[in-house]
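S.K.: Got a structure here, written out as structure tokens. Questions coming.
None of the figures in this text is laboratory data; all of them are computed from the coordinates on show. Note that this is a predicted model, so its numbers are computed, not measured. As a convention, Cβ positions derive from the backbone with ideal geometry for all residues, glycine included, and neighbour counts pool all protein chains shown.
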Amino acid sequence: MTNEKAKLRMLDAIERMRKTISANSEAPINIECLMEDEDFFAHFSREEFETLMAPMTAIIRSTFVEVMEMLNEKKIQFSEVEIIGGGTRIPVVQK
């Protein structure tokens, strides 16, 4: 996308959708006058969102497994794991 203003509007709308879909099973993306007086509307289900983010979920999972293996090798005991950041609201990340 070459229009920076449109790109920022789209990223903002996606962030709002991500927060909404973390709590609900469906969420809309609605941007008025995205580019050249054209509106944009899309509707996503949580399943569609999780399919789109499957590559990122795989990276998160592999990182977690790698850390767990390192802790087990060093025989470090722990009672809980805390994840932080905006992506932690996403149910698939919490699982």
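S.K.: Measure nothing but the geometry: give the 0 to 90° angle between the long axis through the Cα atoms of 4-23 and the longest principal axis through the Cα atoms of the chain, rounded to 10°.
M.R.: 50 degrees
S.K.: Something else now. Given charges of +1 on the Cβ of Lys and Arg and -1 on the Cβ of Asp and Glu, with all other atoms neutral, how large is the dipole of segment 4-94 about its Cα centre, in debye to the nearest 20?
M.R.: It works out to roughly 420 debye.
S.K.: Tilt of helix 54-73 relative to the longest C-alpha principal axis of the chain, in degrees (0 to 90, nearest 10)?
M.R.: That helix lies at roughly 20 degrees to the long axis.
S.K.: Just the number: Rg to Rh for segment 1-54, Cα atoms, Kirkwood Rh, two decimals.
M.R.: Over the Cα atoms of segment 1-54, Rg/Rh equals 1.01.
S.K.: Let me ask something else. Mind jotting down the distance between the C-alpha centroids of segment 22-37 and segment 59-95, whole Å?
M.R.: Segment 59-95 and segment 22-37 have Cα centres spaced 31 Å from each other.
S.K.: Okay, moving on. Using only the alpha carbons of segment 20-95, determine the length spanned along each of the three principal axes and report them from longest to shortest in whole angstroms.
M.R.: If we take the Cα atoms of segment 20-95, the spans are 60, 22, 19 Å.
S.K.: Sticking with this structure for a sec: GluC sites (Glu not before Pro), restricted to segment 7-56: which are DSSP loop and have at most 14 other Cβ atoms within 10 Å?
M.R.: 36
S.K.: Moving on. So which aspartates and glutamates pass the test for residue 74, namely a Cα distance under 16 Å, with those fewer than 8 places away in the same chain ruled out?
M.R.: Reachable aspartates and glutamates: 66.
S.K.: Additional query: For residue 19, give me every one of the lysines with a C-alpha distance below 28 angstrom, ignoring sequence neighbours fewer than eight places off in its own chain.
M.R.: Correct list for residue 19: 5, 7, 95.
S.K.: Would you order 40, 78 from fewest to most other beta-carbon atoms within 10 Å of each residue's own beta-carbon?
M.R.: So the residues, fewest neighbours to most, are 78, 40.
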